[in-house]
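For reference, the structure is listed below as structure tokens.
The values are calculated or read from the model by the stated rules, or taken from the named source; none is laboratory data. Quick caveat: nothing in here was measured; it's all calculated off a predicted structure. With ideal geometry, Cβ positions are generated from the backbone for all residues, glycine too; neighbour counts draw on all protein chains shown. SASA here: full protein model, heavy atoms, side chains in, ligands and nucleic acids out. Shrake-Rupley method; radii C 1.70, N 1.55, O 1.52, S 1.80 Å.
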Amino acid sequence: SPSGGILQGDRYQIEIKLGNNTYAHVTTQGATRIYKMEKNYASQTINIEVKEGGYFEYIPDQLIPFRNSRFYQEVILNVHDNATMMYSEVIVPGRVASGEAFEYDICFVKTICKNHLGKTRFIDTVNLEPKKENLRTNGILGNFLVVGTIYVVTKEQYVKDLRYNIDQKIRVLKYRAMVSCGSSILPGRQGIIIRILGNSAEDVKKMIFKVIMIVRKQIVGASFSGIRKS
């Protein structure tokens, strides 16, 4: 992004394509700030394609929706049946340090995943409208402020062991009262979804990094110690 954040009327589009047997890790420069809007809205479309034998991690920093902002995002993942991809999303309540929390109009994030033949693997939608619905209730955010999601799309042969190792790490972090989270196997046993609730973006990111560490080690045999940004 050439600016400090997303403004009303902005329409962003991100295109990422990985060829056969390509490995990559992509993140953002920093948090995505969605500024106050007097009219209109902002949107972002992310199209990602991972071809056969590829391994891709797309781990952006958190979305920060400011007061009265309206943001719509659609993520389309095209992942070959013989490839692996991790995608994460973190949404915070706003500029909490400035006294803003849940004062945005809407933050809508829809994720669609397909395989290389165009067959739908899953569709997941997060629709947060704090002015219409109290998000701090049981069944939504409860006592937490931050919501995060991780999608791990991979071959079925990896899913069972990955789910077990991720759940073991979840138990440790929940015991330390850092986050509340759970995992589910995606339709067709083609991956795992992990939903995370926390009270800070950093706590949620710690869980995301733990999942990266587990998946990267099992799939490509490489270690992960964090994200370095200059």
Roughly how many Å is it from the Cα centre of the stretch 58-88 to that of the stretch 95-146, as a whole number? 11 Å
Given 110/206; 131/217; 155/205, which pairs have Cα atoms separated by over 32 Å? 131/217
Peptide ranges 133-140, 58-65 listed from the most packed, as the mean C-beta count within 10 angstrom indicates: 58-65, 133-140
In degrees, nearest 10, the alpha-carbon axis of helix 156-175 is tilted away from the dominant principal axis of the alpha carbons of the chain by 50 degrees
Just how far, in whole angstrom, is the stretch 170-230 from the stretch 8-50 if you go by their alpha carbon centroids? 21 Å
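Using the scaling law 2.2 N^0.38 Å as the reference, what is the normalised Cα Rg of the chain?
Details: Rg = 17.2 Å, N = 230, 2.2 N^0.38 = 17.4 Å.
My calculation over the Cα atoms of the chain gives 0.99.
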Please list log₁₀ I(q)/I(0) at q = 0.12 Å⁻¹ for the stretch 1-60, using the Debye equation with identical point scatterers on the alpha-carbon positions. -0.39
Rotationally averaged projected area of the stretch 75-123 (alpha carbon convex hull; nm²): 4.3 nm²
Gyration tensor on Cα atoms of the stretch 66-179, a ≥ b ≥ c root eigenvalues, a/c under 1.5 rounded, else prolate if a/b beats b/c, else oblate, says oblate
Choice from 94, 191, 19 showing the highest fluctuation, given a GNM over the chain with Cα pairs closer than 10 Å: 19
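Arranged from highest to lowest average of other beta-carbon atoms within 10 Å per residue, in what order do the peptides 118-124, 159-165, 212-218 appear?
Values: 118-124: 13.1, 159-165: 15.3, 212-218: 18.0.
Descending packing order for the listed peptides: 212-218, 159-165, 118-124.
Please work out the ratio of the alpha-carbon Rg of the stretch 157-203 to 2.2 N^0.38 Å and round it to two decimals. It would help to have the intermediate numbers written out before the result.
On the way: Rg = 11.6 Å, N = 47, 2.2 N^0.38 = 9.5 Å.
Rg over 2.2 N^0.38 Å, computed on Cα atoms: 1.22.
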Rounded to two decimals, the Debye log10 I(q)/I(0) of the stretch 102-168 (Cα scatterers, no solvent) at q = 0.15 Å⁻¹ is -0.72
When a/c is below 1.5 the answer is rounded, else prolate if a/b is larger than b/c, else oblate, so apply that to the stretch 1-118 with a ≥ b ≥ c taken from the square roots of the Cα gyration tensor eigenvalues. prolate
Is the stretch 182-226 rounded, prolate or oblate when judged by the Cα gyration tensor, a ≥ b ≥ c being the square roots of its eigenvalues, rounded requiring a/c under 1.5 and prolate requiring a/b larger than b/c? oblate
Under Karplus coefficients 6.51, -1.76 and 1.60, residue-wise ³J(HN,Hα) of the stretch 51-67 in Hz, glycine/proline x: 8, 4, x, x, 9, 9, 10, 10, 10, x, 6, 5, 8, 10, x, 6, 4
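In whole Å and largest first, what semi-axes does the C-alpha gyration tensor of the stretch 106-230 yield when each eigenvalue is scaled by 5 and square-rooted?
On the way: eigenvalues 121, 82, 38 Å².
One finds semi-axes of 25, 20, 14 Å for the stretch 106-230.
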Once you've got the GNM for the chain with C-alpha springs shorter than 10 Å, pick whichever of 54, 99, 198 has the biggest mean-square fluctuation. 99
Under 5 Å between amide H atoms, partner at least 5 residues away or on a different chain: which partners does residue 73 have, H built in plane at 1.01 Å? 44, 108, 109, 110
Under a 1.4 angstrom probe, counting protein chains only, how are 80, 116 ranked by accessible area, largest first? 116, 80
